[in-house]
Amino acid sequence: MAISKTFLVSPTQVSREQLAEHTNDLLVEAETADPVERQRILDDVVTSHLWLAEMLARRFSHRGEDEEDLLQVACTGLVEACRRFDPHQGSFVGFAVPTITGVLKRHFRDHGWFVRPPRPTQELASIIWRQWPNLVQQMGAVPGTRDLAEELDEPVGAVQQAHFASQGYSTSSIDAAMSRGICF
């Protein structure tokens, strides 16, 4: 069963229901196919869902990583989702979204830090980054370390470490600092 060319485009041109049904049919067929045919079917499913990988990679853009690298990571997650999905357990997209998102988050956790702090510190820095706009709005001012610690129910020292660690996510060159007149 060859995949229809209409399924190689975004789901705006094909109904989501048609794509979901076609994908499920292909993955059920892959369960009993010989290894070569199974790989061809999985390739077709991946190709027909590249739009999903691109959409999820875009959510993580502007965080200091190259967009092409993020798309590559998202496509890796799509392939992983395709290989692990059980078509008898629900929808493929419902399984693929958290799988791809998890692979992207793992990429940032493992490769995004120039100075790599412990994982709990990285996670707290991420929570602070996500909560920051809400806290500023709630308080009507920039929250201090103690305010953040109370709001997040974390020790002050852990919040300070997360703050310092978040500055190690990206670096700037010494030459750039010197050109701005910053002395060490």
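Coordinate-derived values only; no laboratory data. Note that the coordinates shown come from a computational prediction; the quantities given were computed from them, not determined experimentally.
Values for this structure:
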quantity: Fully extended contour minus Cα-Cα distance, from SER91 to VAL142, at 0.36 nm per residue; calculated: 14.0 nm
quantity: Karplus-derived HN-Hα couplings along the range 25-40 (A = 6.51, B = -1.76, C = 1.60, θ = phi - 60°), whole Hz, x at Gly and Pro; calculated: 4, 4, 5, 5, 4, 5, 4, 10, 7, 5, x, 5, 5, 4, 5, 4
quantity: Three-way shape label, the range 94-145, alpha-carbon gyration tensor, a/c 1.5; calculated: oblate
